[in-house]
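The values are calculated or read from the model by the stated rules, or taken from the named source; none is laboratory data. Source: prediction; values computed, not measured. Here the Cβ positions follow ideal geometry from the backbone for every residue, glycine too, while neighbour counts run over all protein chains shown.
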């Protein structure tokens, strides 16, 4: 009898908890509708939205989860994509991180493809140092030697099957890295055709004299690509 009573109480608590969550989700959706429909964005509504969102996440034991899990759940509570600034405020992450996620009626909250690609393309600090040292501590395209501006570029983008193997990595400065991707490092595309990286890095806007001075030291590095 006691076991049945305990099970009944447990089931009743579970139903009550689900009801509270459902009511809170409705409240959150209403707050977001109000937030979106008012210009400038009302601070009191933003504060209340964040409080309700935090309460919901806590009630489901999700505050200890990674930001990505909390962000996806927050979109699902509202049954739509929530503005990244508001998501960042509610969860405690940066707006740029919040922009990596969106919402779909079928998939629910999800990470955008370009964000997944960016994560795959990350090179470890040790690998970065190794590649830059291998390439003589300078940009293969313009010859810049400022370590703070040097980045590791995937010759064949990860989105096209490229890997983090040494032979697919090359040192470019931030400006040339952006140029390699046609102005957007997150595009997953390159301005050169596959296999033409060597030709592309030898095409530079620098004057012939400057290019000639650095060409000798770069020739060995270029021949590797």
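Assorted remarks:
- Of the helices (runs of 4 or more DSSP H) lying entirely inside segment 69-164, those containing at least 3 residues that are over 26 Å from residue 182 (Cβ atoms) and not assigned by TED's automatic domain parsing to the domain that holds residue 197 span 84-91.
- Condition check for residue 188: at pLDDT below 95, surrounded by fewer than 13 Cβ atoms within 10 Å (Cβ to Cβ) and assigned to a loop (DSSP other than H, G, I, E, B): no
- Positions within segment 118-136 being touching a helix residue (DSSP H, G or I) at 6+ places or on another chain (Cβ under 7 Å) and surrounded by fewer than 17 Cβ atoms within 10 Å (Cβ to Cβ), in sequence order: 120, 136
- Residues within segment 43-68 that are within 22 Å of the chain's Cα centre (by Cα) and farther than 16 Å from residue 86 by Cα, tallied: 5
- Entry remark, segment 36-63: residues being in a loop (DSSP other than H, G, I, E, B) and farther than 12 Å from residue 92 by Cα number 8 in total.
- In segment 23-40, the residues that are free of Cβ contacts under 8 Å to residues at least 24 places away in the same chain form Cβ pairs under 8 Å with partners that are part of a loop (DSSP other than H, G, I, E, B), at six or more places apart or across chains, as follows: 34/42.
- Test: residue in segment 194-201 that is in contact with a helix residue (DSSP H, G or I) (Cβ under 9 Å, 6 or more places away or on another chain), at pLDDT below 90 and loosely packed, with under 15 Cβ neighbours inside 10 Å: yes
- When residue 174 is tested against (1) modelled with pLDDT under 85; (2) touching a strand residue (DSSP E or B) at 6+ places or on another chain (Cβ under 7 Å), just one condition goes unmet, and that condition is (1).
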